[in-house]
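J.: Quick one: the structure is below, and I'll ask about it shortly.
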Amino acid sequence: MKMINRSRKGQARGEATRAAIMRAATGLFAESGFKGTAVRTIVREAGASMGSFYHHFRDKADLYIQIADEGGLAVRRFMRRVGDFGTGQAMEDRVWEFFSAYVDAADKHDAMVLLLLAEKETLPPAIKEVVSAEIDHHRRELEEGLASGVQAGVLVPMDVRMASEAVVGMVLHLLKVYFTDPTVERKGIVDALARGTIGILRTMPGNGL
């Protein structure tokens, strides 16, 4: 029994150390970028050791990818919870409600959002591929939500793939502006995101709104 307890305590400490390294790295990556963040700086910020770092991660790129994976899972859970356009609400009401909740969620994870948005084009190829795949996954989930809205009669028939690509591109751009420009306020970004999305959905081929 004592050996089992020691094993559980050791596992808990290991998980706590891994989480501390990931938290520290997320903030540092968002602030200084992938290339500008050294492993030693991450370890020092996390209060960990180099040995513990390499116990949990192969290298800095592996750490970055694991952070992106966990952030992607959080976004997917959020999208499943509030991202369904097939709920029976009017399209305009659903869009405003969605982006109000979306910006609140983004504010709680601002370092993660910056990590995924700020330097996508300058990342090493292996990491860039992972981040691009994650963004494409979110686009497909939005496409499914729009298709549900069309099926439910909330949205007029449209090219949902084209619509999802346009909306995701607009959202990524405006979120980057929001998190890098301190003069942009929450109300303004919610308004811009909602109006931009409604405009896109109204002008998609086949949409008679």
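J.: Checking the condition touching a residue at least 40 places away in the same chain (Cβ under 8 Å), charged (D, E, K, R), surrounded by fewer than 17 Cβ atoms within 10 Å (Cβ to Cβ) and assigned to a helix (DSSP H, G or I), which residue from K128, K176 passes? Full working, then the answer.
T.: Values: K128 fails: touching a residue at least 40 places away in the same chain (Cβ under 8 Å).
Testing whether each residue is touching a residue at least 40 places away in the same chain (Cβ under 8 Å), charged (D, E, K, R), surrounded by fewer than 17 Cβ atoms within 10 Å (Cβ to Cβ) and assigned to a helix (DSSP H, G or I) leaves just K176.
J.: For the range 179-209, enumerate the residues that are of a type in the set (S, T, N, Q), exposed (fewer than 13 other Cβ atoms within 10 Å of the Cβ) and under 21 Å from the mean Cα position of the chain (by Cα).
T.: Across the range 179-209, the qualifying residue is only T180.
J.: Looking only at the range 52-88, count how many residues are in a loop (DSSP other than H, G, I, E, B) and either crowded, with 18+ Cβ neighbours inside 10 Å or modelled with pLDDT of 90 or more (or both).
T.: Counting residues in the range 52-88 that are in a loop (DSSP other than H, G, I, E, B) and either crowded, with 18+ Cβ neighbours inside 10 Å or modelled with pLDDT of 90 or more (or both) gives 7.
J.: Oh, and also: Among S164, S132, which is the only one that is polar (S, T, N, Q), farther than 25 Å from R23 by Cβ and outside the structural domain of A25 (by TED's automatic domain parsing)? I'd like the intermediate steps shown before the answer.
T.: Values: S132 fails: farther than 25 Å from R23 by Cβ.
Exactly one residue qualifies, and that residue is S164.
J.: Is it fair to say G149 is assigned to a helix (DSSP H, G or I), under 19 Å from D104 (Cβ atoms) and either small (G, A, S) or modelled with pLDDT under 90 (or both)?
T.: The answer is no for G149.
J.: Just checking, does the range 132-153 include any residue being free of Cβ contacts under 8 Å to residues at least 12 places away in the same chain, closer than 27 Å to T37 by Cβ and of a type outside the set (A, V, I, L, M)?
T.: yes
The values are calculated or read from the model by the stated rules, or taken from the named source; none is laboratory data. Keep in mind the model is a prediction, meaning the values are calculated, not measured. Positions of Cβ are generated from backbone atoms using ideal geometry, with glycine treated the same way; all protein chains shown enter the neighbour counts.
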